[in-house]
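Taking it in order: structure first as C-alpha cells, then the write-up.
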Amino acid sequence: MDKITSFTINHLDLLPGIYVSRIDYVNDYPITTYDIRMTAPNIEPVLHTDEMHAIEHLAATFLRNHSTYGNDIIYFGPMGCRTGFYLLMKGDLSSKEVAPLITSTFEFIRDFNDDVPGASAKDCGNYLDMNLAMARYQSNKFLNSTLYKLEDKNLNYPK
C-alpha cells in the first residue's frame, strides 16, 4: 500500500504553520486540505483533547459563519496526532492567501469569553471534555509564535 501524502512529510523538520496538504477535485472543482500545525511534531508537547475540542467547536462555528468564506468551508477538525487541525475548503487558495482567515479564526478563539457553541449534552457527544481557558491560551500562543510572523518556512512543507 502507498503512503498517503501527509505521511511523506518529514515531521522532524515540520514547523508550526499553515500548509497546503493536498488538493482534490470533485467534478473539476478544487477542494483544498490545509494542515494547520500548532506545535512542532515530536518536539513540543501535543495539545490536550479538551483544549482541542473547544478550539474545534469555536473554529468550526466561526469559519462556517464567516461572511466571505462561510460557504466555502467543508470541514475543520483535529489531527489524530494532536499537533494541529485540518481545514477543508472549496477552492485552491495558497497557504499565504488563507493565512488572514486562519489568523482571524484564532484571534476569535483567543478573545472568546462566552459559552462554547455546541457544548451541551444535547449538541455534542462529549461536551464535558472542553477547556475554553486553555483553548484561548493555545490560540494566543499560536498567534504570537507563528501566525503574526509567518515566513516561507511556515507556509511550505520542508523538502
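The values are calculated or read from the model by the stated rules, or taken from the named source; none is laboratory data. Bear in mind that the values here come from a model prediction, so they are computed numbers and not experimental data. FYI the Cβ positions are ideal-geometry reconstructions off the backbone, even for glycines, and counts take in every protein chain you see.
Structure above, values below:
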{"item": "Test for S104: is it surrounded by fewer than 16 Cβ atoms within 10 Å (Cβ to Cβ) and part of a helix (DSSP H, G or I)", "result": "yes"}
{"item": "Residue that is surrounded by the fewest Cβ atoms within 10 Å (Cβ to Cβ) [pool: residues in segment 8-33 that are touching a residue at least 60 places away in the same chain (Cβ under 8 Å) and in a loop (DSSP other than H, G, I, E, B)]", "result": "N10"}
{"item": "Selected residue [at pLDDT below 95 and either of a type in the set (D, E) or more than 21 Å from D50 (Cβ to Cβ) (or both)] from K96, K159", "result": "K159"}
{"item": "Every pair of residues 6+ apart whose Cβ atoms lie under 9 Å, when the first sits in segment 141-159 and is of a type in the set (K, R) while the second is surrounded by fewer than 17 Cβ atoms within 10 Å (Cβ to Cβ) and not in a helix (DSSP H, G or I)", "result": "K159/N10; K159/D13"}
{"item": "Total residues in segment 1-28, condition aromatic (F, W, Y) and at pLDDT below 95", "result": "1"}
{"item": "Subset of segment 39-62 that is over 12 Å from the mean Cα position of the chain (by Cα) and among the polar types (S, T, N, Q) - its residue that is nearest to S145 (Cα to Cα)", "result": "N42"}
{"item": "Check on I36, β-branched (V, I, T), more than 15 Å from the chain's Cα centre (by Cα) and outside any loop (DSSP other than H, G, I, E, B)", "result": "no"}
{"item": "Condition met for E97 (out of contact with any Ser or Thr (no Cβ under 7 Å at 6 or more places or on another chain), more than 16 Å from T146 (Cα to Cα), assigned to a helix (DSSP H, G or I) and not aliphatic (A, V, I, L, M))", "result": "no"}
{"item": "Scan of segment 1-55 for residues that are touching a strand residue (DSSP E or B) at 6+ places or on another chain (Cβ under 6 Å) and aromatic (F, W, Y), ordered by number", "result": "Y19, Y34"}
{"item": "Members of segment 119-136 found to be of a type in the set (S, T, Y) and surrounded by 14 or more Cβ atoms within 10 Å (Cβ to Cβ), listed by number", "result": "Y127"}
